[in-house]
Amino acid sequence: MLMTKVAIVEDDLAIAQMYRLKFEAEGFQVRIAENGRLGLALCQDMEPDIVLLDLMMPEMNGDEMLDKMRQTDWGKGIKVIVLANVSEQEAPLRLQTMNVSAYIVKAEMTPAQATLLVKEQLGK
């Protein structure tokens, strides 16, 4: 059976590593990118099953990365969970038109809860 691939695009390395450890412990294959530009390249190369995407990052914000990814053949159908420090109501309005599967406010969800949400989104 193929491992489920998770891409974490997050500029806070401590947070990214915390999620990586939890997902790897649950049997997921995980790769990390620290900004949207690198995240876009990572997703094209890896073709993940799901992306955990931070919004506020250097070089390219998460919503900009998502917009570019959705314009590609390979990125149209990838599930995306937004990881943010702002509530869904405070997030950029255009996210609502970009097929986001779920929205996590980092301070309100543990990595264990995030893992359950990913499994739920992927029907596992």
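Quick look at the numbers
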read-out: Residue among LEU66, LEU42, LEU38 that is over 11 Å from the mean Cα position of the chain (by Cα), in a helix (DSSP H, G or I), closer than 25 Å to LEU116 by Cβ and touching a residue at least 12 places away in the same chain (Cβ under 8 Å); value: LEU42
read-out: Conditions (1) under 14 Å from LYS5 (Cα atoms); (2) at pLDDT below 95; (3) assigned to a loop (DSSP other than H, G, I, E, B); number of the one not met by PRO48; value: (2)
read-out: Members of region 4-32 found to be surrounded by fewer than 16 Cβ atoms within 10 Å (Cβ to Cβ), under 20 Å from GLY123 (Cα atoms) and among the aliphatic types (A, V, I, L, M), listed by number; value: ALA25
read-out: Any hit, region 14-26, residues being out of contact with any Pro (no Cβ under 9 Å at 6 or more places or on another chain), over 17 Å from GLN113 (Cβ atoms), part of a loop (DSSP other than H, G, I, E, B) and of a type outside the set (S, T, N, Q); value: no
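The values are calculated or read from the model by the stated rules, or taken from the named source; none is laboratory data. Predicted model, so just to flag it, every value in this text is computed and none were measured. Neighbour counts run over all protein chains shown; Cβ positions are idealised from the backbone, glycine included.
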